[in-house]
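Report on the following structure.
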Amino acid sequence: MKKIILITIVIIFTIIAYAKASPLDAVKKTYSEITTMEATFHQKIFIASLKREREFNGEFLYKRQKGFLWKYKAPKVKYFLYDGRYIWQGEDEKPFIIKEKINKAKTGGTFLDLIEDISKIDEQFTLKQQSKAGELEILELLPKKDGTVNSARVWLDKQNRVRKIEIHEFTGNVNTIEFSSIKINQPIDDAKLIFKPDKQKEIIER
């Protein structure tokens, strides 16, 4: 699950990178100036091996040079918090929290060393095609390196905001995330991106 979340965030920021070289001036204007992003999301994961779909709801926060929070609220509470140094992973039903230190010297080529230098994120994906469906612009992306993702598609609305992401994995799984209540460049309290210890839970370091 964590890999898919990281891939999704990479794709969101890929839009920012491609916008800088895109003929779509409006997209360039919107995404080249993003410093904060806040949204709710609805996620569907089709699991090919089980031939069934799972659904989730949650919220996403991002602040440049601070980090991000990816939090599931249903069917159960679970979160991934990146504070610039560590990724914290917690779940209401579990008595522990996972703390993973991010060594940027060893994370070359991942979004973790690019989160503060978004202009390099296009090293991860190639823009295969641009098309239009109704009022939405669609970008089709291909990864430049072999990995868990075969391809991805991104839908942009009239305000050039990411509304939907669809990720196709080599396993046959399909991960679809739709965003709503999107807020860009609105104030986000730094405290929301700082881990707050829970004395009742053990912290396990990786």
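The values are calculated or read from the model by the stated rules, or taken from the named source; none is laboratory data. Remember, predicted model here, so these are calculated numbers, not experimental data. Cβ coordinates were reconstructed from backbone atoms using ideal geometry, including for glycine residues, and neighbour counts include every protein chain displayed.
Just a yes or no: is a residue in region 54-76 assigned to a loop (DSSP other than H, G, I, E, B), touching a strand residue (DSSP E or B) at 6+ places or on another chain (Cβ under 8 Å), modelled with pLDDT of 85 or more and under 23 Å from I102 (Cα atoms)?
Checking region 54-76: not a single residue is assigned to a loop (DSSP other than H, G, I, E, B), touching a strand residue (DSSP E or B) at 6+ places or on another chain (Cβ under 8 Å), modelled with pLDDT of 85 or more and under 23 Å from I102 (Cα atoms).
Tell me which residues, restricted to region 77-92, are farther than 21 Å from I34 by Cβ and not in a strand (DSSP E or B).
V77, R85, D92
Please work out which residue is surrounded by the most Cβ atoms within 10 Å (Cβ to Cβ), limiting yourself to region 125-173 and to residues that are part of a loop (DSSP other than H, G, I, E, B) and free of Cβ contacts under 8 Å to residues at least 24 places away in the same chain.
Here the answer is D157.
Restricted to region 175-206, and to residues that are crowded, with 16+ Cβ neighbours inside 10 Å and either touching a His at 6+ places or on another chain (Cβ under 9 Å) or more than 29 Å from K99 (Cβ to Cβ) (or both), which residue is modelled with the lowest pLDDT?
If we take residues in region 175-206 being crowded, with 16+ Cβ neighbours inside 10 Å and either touching a His at 6+ places or on another chain (Cβ under 9 Å) or more than 29 Å from K99 (Cβ to Cβ) (or both), then I184 is modelled with the lowest pLDDT.
Can you report the number of residues in region 125-143 which are of a type outside the set (D, E) and closer than 27 Å to T35 by Cβ?
9
Six or more apart or on different chains, Cβ under 7 Å: which pairs go from a residue in region 189-206 that's in a helix (DSSP H, G or I) to one that's basic (K, R)? Could you list them?
Within 7 Å, the pairs are D190/K66; L193/K63; L193/K66.
Would you be able to say whether some residue in region 71-81 is under 16 Å from E205 (Cα atoms) and buried (at least 20 other Cβ atoms within 10 Å of the Cβ)?
The answer is yes, given that some residue of region 71-81 is under 16 Å from E205 (Cα atoms) and buried (at least 20 other Cβ atoms within 10 Å of the Cβ).
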